[in-house]
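Engineer: This is the structure I want to talk about, given as structure tokens.
The values are calculated or read from the model by the stated rules, or taken from the named source; none is laboratory data. Please read these numbers as outputs of a predicted model, since none were measured by experiment. A quick note on method: Cβ atoms are made from the backbone with ideal geometry, for glycine too, and the neighbour counts reach across all protein chains shown.
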Amino acid sequence: MRSERGEFFSRSRARLARAGVLFLALLCLASCGRRETPAEKAAEDGVLILGNGADPASLDPSLATGTCEAKILNGLFEGLVCADQKDLSIRPAAAESWEIFDGGLGYRFKIDPKAKWSDGSRVSAKDFEFAWKRTLSPELGSEYASLLFPIKNARAYNSGKEKNPDAVGVRAVGDGILSVRLEKPTPYFLSLLYHCAYFPLPRRTLAKFGAERSRGGVWTKPGNMVCNGAFKLEKWSINDRVVISRNPEYRAGEKIFLNKIVFLPVSNINTEDRAFRAGQMHVSESVAPARLAEIRARAPETLRSDRWIGVYYYAINTSRAPLDNPDVRRALAMSIDRRAIIDSFLKAGQPPALSLVPGGCGGYALPDSAKMRENVAEARRLLAKAGYPGGKNFPAITITYNTSEQHKPIAEAVQQMWRKNLGVRAELLNLSWPAYLDARRRRDFDIARASWIGDYAAPESFLEIFRSDSGLNHSGFSDKSFDEKLGKARSAKSEKERFEILAEAEAELLQNAPIIPIYFYSRVFRISPLVKGWHANILDYRNYAGVKLEKRGGE
């Protein structure tokens with residue numbers, strides 16, 4: 001009996017030992033053997049993967065207009081100055097220093113001798129003069145040409161009134177000095193200079209591909225493009241990805257810690273969310289509103305909601321009847337329940353927009369009395385006054401929007417509100433990003449979904465796009481009094497006087513209602529804990545300096 005009992009305990013100990021080994025093996029598999037995600041593998045290689053909403057329509061700095069293009073171009077090029085990614089204060093870039101003189105009318109920039117193009121040649125002041133005059137050239141038709149109008153004779157040259165490009169107030173003094181002369185003192189001029197429209201261009205490359213004054217895009221293809229930013233273009237595959245890789249010629253390479261950035265054009269926010277959860281990207285473009293509550297509960301460390309100066313609105317084609325009637329436009333604007341749209345579809349607490357200019361623009365604020373109102377009874381009265389009581393005889397109108405899971409439900413909600421509140425029928429038209437941009441440029445729409453993110457933190461960034469001569473004024477709105485007020489504001493003797501004049505201009509714009517503001521943006525997105533140095537700022541501006549990727553586990 002003793003031996004049998006001894007064998008029993010020996011077998012039991014062996015079984016327990018084997019079980020312990022198995023348990024440890026399973027534990028190791030659970031904790032150590034998890035398959036590495038694409039984002040984790042990319043982090044080890046110094047490759048940042050970003051959701052970017054849509055394919056870029058153009059990577060020509062003179063022609064790009066969207067945020068999806070700007071995010072790429074800010075890595076490929078840099079202007080005379082850049083912005084601090086925390087507070088947007090102005091920092092030297094291709095210009096190592098500058099001086100301002102003659103009461104703010106004159107600027108002189110000294111080009112950094114270390115600034116080079118990706119082919120190794122030096123960035124010259126002549127590259128800036130060439131680029132700015134190209135953007136302004138009437139034959140190019142740049143929509144962003146108006147951003148350069150603070151420069152002396154820029155507006156006249158762009159309109160064709162001034163035929164001589166040498167009359168424009170930008171001149172290279174040799175290779176190292178760029179001299180700029182303004183029409184009037186412009187307090188925010190330096191803040192304009194980190195916008196894509198002010199980037200330099202490689203003259204020889206554009207000449208080689210015949211793009212000096214044309215929209216030909218061959219020069220922007222991988223293998224052809226020469227750039228001066230921290231990265232160079234490696235790959236551009238339509239409906240797949242844009243890849244930019246570290247530029248060894250960049251003047252400040254010590255500030256760049258990424259080897260590559262991959263931009264994924266994912267327009268469906270549900271698809272993008274699944275990709276983020278599967279570890280296929282580091283930073284998403286947006287978040288599916290229906291997922292916000294679950295993310296807050298399960299992975300709050302990946303959710304960011306940053307302040308962003310931008311407005312989501314509908315642009316109205318003021319050249320088409322019956323939308324050429326301001327009473328009709330005001331009726332459409334007043335009959336929308338913005339809070340219902342935000343609470344039902346956006347779910348991130350965005351402020352409803354009853355004006356164009358958001359907060360955060362240097363202390364500017366429009367008085368409440370000048371803002372749009374939501375008033376269905378008044379909207380019905382205005383529609384009846386215009387000759388369409390209860391929507392009778394009002395023709396069907398079309399709401400055009402670009403492909404996105406977020407734009408469609410908003411359009412459907414507006415469609416239902418107009419039918420219920422006014423008896424107005426609206427049809428919906430969904431277009432791809434390039435087709436949508438083309439329709440807006442040609443003004444081939446009734447009402448178009450639109451948005452505007454400030455190019456700089458001042459009210460002019462929003463109001464100037466509705467000048468009669470702005471290439472970005474897709475509504476066709478033209479009002480002499482509005483234009484004059486914007487011009488008068490530039491000559492204001494104080495910031496207080498300038499803001500008062502701009503408030504008068506905005507009130508006039510809202511009264512004419514060529515736009516229907518819906519809500520002010522918050523930048524709601526997901527970001528991997530592997531990403532470091534991704535700072536919030538109200539323009540969501542970044543040139544990727546200082547952005548780092550940690551390996552899994554912080555190794």
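Engineer: Please indicate, with yes or no, whether at least one residue in the stretch 317-336 is within 30 Å of LYS496 (Cα to Cα), modelled with pLDDT under 95 and not in a loop (DSSP other than H, G, I, E, B).
Structural biologist: no
Engineer: Tell me, please, whether a residue that is of a type in the set (Gly, Ala, Ser), free of Cβ contacts under 8 Å to residues at least 60 places away in the same chain and part of a helix (DSSP H, G or I) can be found in the stretch 204-212.
Structural biologist: Checked against the condition, which is being of a type in the set (Gly, Ala, Ser), free of Cβ contacts under 8 Å to residues at least 60 places away in the same chain and part of a helix (DSSP H, G or I), the stretch 204-212 yields at least one hit.
Engineer: If you check every pair at least six apart or on different chains, which have Cβ atoms under 8 Å apart with a residue in the stretch 435-450 that is over 17 Å from ARG320 (Cα atoms) first and a residue that is small (Gly, Ala, Ser) and surrounded by fewer than 24 Cβ atoms within 10 Å (Cβ to Cβ) second?
Structural biologist: The qualifying pairs are LEU437/ALA57; LEU437/GLY66.
Engineer: Can you tell me which residue within the stretch 51-110, out of those that are in a loop (DSSP other than H, G, I, E, B) and of a type in the set (Ser, Thr, Tyr), is surrounded by the most Cβ atoms within 10 Å (Cβ to Cβ)?
Structural biologist: So, considering only residues that are in a loop (DSSP other than H, G, I, E, B) and of a type in the set (Ser, Thr, Tyr), the one surrounded by the most Cβ atoms within 10 Å (Cβ to Cβ) is SER62.
Engineer: Of everything in the stretch 219-232, what is closer than 10 Å to THR205 by Cα and either loosely packed, with under 15 Cβ neighbours inside 10 Å or among the polar types (S, T, N, Q) (or both)? Give them in sequence order.
Structural biologist: Residues satisfying the conditions are THR220, ASN224.
Engineer: Let me ask another. So, in the stretch 364-411, how many residues would count as being under 28 Å from the mean Cα position of the chain (by Cα), farther than 30 Å from GLY53 by Cα and assigned to a helix (DSSP H, G or I)?
Structural biologist: 2
Engineer: Is it the case that some residue within the stretch 418-426 is surrounded by 21 or more Cβ atoms within 10 Å (Cβ to Cβ), aromatic (Phe, Trp, Tyr) and part of a helix (DSSP H, G or I)?
Structural biologist: yes
Engineer: Among the listed residues SER470, SER451, which satisfies the condition of being under 20 Å from ARG329 (Cβ atoms) and in contact with a helix residue (DSSP H, G or I) (Cβ under 6 Å, 6 or more places away or on another chain)? Break it down into steps so the answer makes sense when it comes.
Structural biologist: On the way: SER451 fails: in contact with a helix residue (DSSP H, G or I) (Cβ under 6 Å, 6 or more places away or on another chain).
Of SER470, SER451, the one residue that is under 20 Å from ARG329 (Cβ atoms) and in contact with a helix residue (DSSP H, G or I) (Cβ under 6 Å, 6 or more places away or on another chain) is SER470.
Engineer: Right, next: If you take the residues in the stretch 463-492 that are in contact with a strand residue (DSSP E or B) (Cβ under 7 Å, 6 or more places away or on another chain) and more than 15 Å from LEU148 (Cα to Cα), which one is surrounded by the fewest Cβ atoms within 10 Å (Cβ to Cβ)?
Structural biologist: Looking at residues that are in contact with a strand residue (DSSP E or B) (Cβ under 7 Å, 6 or more places away or on another chain) and more than 15 Å from LEU148 (Cα to Cα), I get HIS474.
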